[in-house]
């Protein structure tokens, strides 16, 4: 079996090498398969951690893939983006992830979610916490029942606050992901968002416990315990935390109707610059108003 796999690999690599060298042996392969063979070669080198070589193969695959092959092109671009990150080409990785989000905005939600997952991952590794939180906010809006996304967003809020530089040191691009002119910036907002995210994650995990397998119950129990510790470390009164739990629980139970009122992502704002015609509220402020309404209610 091992020998056969090695023979397949030799054939596999020899085809792409022959194609690159215009060797006659490459002509025996269906031309439609060539871009896929470059992708497979990229995958092979990626798993060997030969990221520079993998990036070369992925770029060649993209050169040859038809533009209308959206799913495969997205897969290849995501892999290339990760190669750039592992090779410490952070700027290229970030730009590719941002471009992919823009490209997928007109595709189905599965493609949109996948591109946001990639961008949030790249931003996390690059420690671009403002951009990371915004991409996770958009992801949570699109998959509101996925507990892991809420947990990740809560952690990102914490890191954004911890790593927040002085206002005059914030690069304009990073700052643009956080505030717009109409935003009401509450110094405690990051704590409110953290608590909201951790409570949502905990409640979503608890909601499937009655029907889950023993493995899932054990896993969820461990995750819930970690979330409980995070919640206990946040400086809110137990009364306020209890109010938040009850309020958010009711929201989740009515989630289907609740999410019909989709958040507006302004068409006048791109991922690359802030437009003069941008809406008065940033996406993060809209997200806060939508999902953290319990906090305002608790004040009355």
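The values are calculated or read from the model by the stated rules, or taken from the named source; none is laboratory data. Since we're looking at a predicted model, the values are computed, not measured. We place every Cβ from the backbone using ideal geometry, glycine too, and count neighbours over all the protein chains shown.
Here are the numbers for this structure:
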quantity: Count of residues meeting criterion [surrounded by 13 or more Cβ atoms within 10 Å (Cβ to Cβ) and at pLDDT below 85] in region 24-56; calculated: 2
quantity: Number of the condition not met by residue 171 [criteria: (1) modelled with pLDDT under 95; (2) in contact with a helix residue (DSSP H, G or I) (Cβ under 9 Å, 6 or more places away or on another chain)]; calculated: (2)
quantity: Failed criterion for residue 162 (all others in (1) loosely packed, with under 15 Cβ neighbours inside 10 Å; (2) modelled with pLDDT of 95 or more hold); calculated: (2)
quantity: Test: residue in region 216-238 that is surrounded by 13 or more Cβ atoms within 10 Å (Cβ to Cβ), at pLDDT 90 or above and not in a helix (DSSP H, G or I); calculated: yes
quantity: Matching option when the condition is out of contact with any strand residue (DSSP E or B) (no Cβ under 9 Å at 6 or more places or on another chain), in the same structural domain as residue 282 (by TED's automatic domain parsing) and part of a helix (DSSP H, G or I), among 103, 92, 134; calculated: 134
quantity: Complete set of residues in region 137-154 that are part of a helix (DSSP H, G or I) and under 18 Å from residue 226 (Cβ atoms); calculated: 147, 148, 149, 150, 151, 152, 153, 154
